[in-house]
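Below you'll find the structure, written out as structure tokens, and then a few comments.
Each reported figure results from applying straightforward, stated rules to the coordinates on display, with no laboratory input. For clarity, every value in this text was computed on a predicted model and none was experimentally measured. Virtual Cβ from ideal backbone geometry, glycine too; neighbours counted across all protein chains shown.
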Ligand SMILES: C[S@@+](CC[C@H](N)C(=O)[O-])C[C@H]1O[C@@H](n2cnc3c(N)ncnc32)[C@H](O)[C@@H]1O
Ligand code: SF4
């Protein structure tokens, strides 16, 4: 249980927002890429695409992870997200991801979450869990490998966690299955909603062109109006069509830490060509929060900013 109640958390975010309007640039989110190791080789994955070129340690040490968690908390971050590679594979001696989640809460983060390919057991103590879902079984497995859909569904059946959502990356490989994937999520009792993203290249060959993206955004907006559990806000969906988001990107909202301890403000793709073709929905939501967009503030706080346990 978090020591700061929901009202205290709302007040903290209110102050953070006001200070940011006055020019403060302190990250609210701490995104920690704790490893590059993964049990899959997904066809669209930027980490897998760069696997050979990644230098330095492939996994963050426990001591460094705790130090980074504490430092970013001290500078004001209250939302902590573990990313990879596959973060559920992370180990340092006897320590595993669950221990990092526990420490994050002990330090005082309001919300601690992680992203996963869902091939391993869900960690119940996490406040929020993002599971990757890239299509119905056949398509998901074409992208992510044989057996990945069934193991994801099996692990979801085993949990009663109330805040699991799906993250879909739309590429040429699954563009014709967006509707089916959203329907699948709405029928699955264990998944609370779906967030739609576009590929941030590389790999370039499966990236959608702008006309194809426009059709996807129109479809998702229509399904959202019909009541499907789509987590992107309307405005963010429209801003996904602004491919070069580099001038709008609110770099300072999230800090990023890599396994070797190097730090980025915003994301590690800043100043690369990838940054000019950004498909990450979260980045749009971050910006909309900083400009006081109410729909985004309300929708995102419910899922990602207030402690659930
Ligand atoms: C890098 S993965 C790490 C967590 C975990 N291994 C997983 O697959 O969910 C986090 C999310 O980024 C997405 N992703 C990977 N490569 C991407 C790319 N090039 N553009 C946009 N999203 C990407 C994945 O599909 C996944 O939903
Ligand atoms: S499971 Fe995640 S990190 Fe691993 S290859 Fe797939 S998208 Fe990349």
>> Using the Cα atoms of the chain, I'd like the radius of gyration and the largest Cα-Cα distance, Dmax, both in angstrom.
In response: 18.2, 51
>> Given axes a ≥ b ≥ c from the Cα gyration tensor, I'd like to know whether region 177-243 is rounded (a/c under 1.5), prolate (a/b larger than b/c) or oblate.
In response: prolate
> When you count, for each residue, the other Cβ atoms within 10 Å and take the mean per peptide, how do 25-34, 89-98 rank with the highest first?
Replying inline: 25-34, 89-98
> Nearest-5 percent of antiparallel DSSP beta bridges in the chain?
Replying inline: 20 percent
> Looking at the square roots a ≥ b ≥ c of the eigenvalues of the Cα gyration tensor of region 167-306, which shape do they give, rounded for a/c under 1.5, prolate if a/b is larger than b/c, or oblate?
Replying inline: oblate
> What whole number of Å gives the distance from the Cα centroid of region 199-259 to the Cα centroid of region 124-162?
Replying inline: 21 Å
> Given Cα pairs under 8 Å that are at least 6 residues apart, what percent is the relative contact order of the chain?
Replying inline: 21 percent
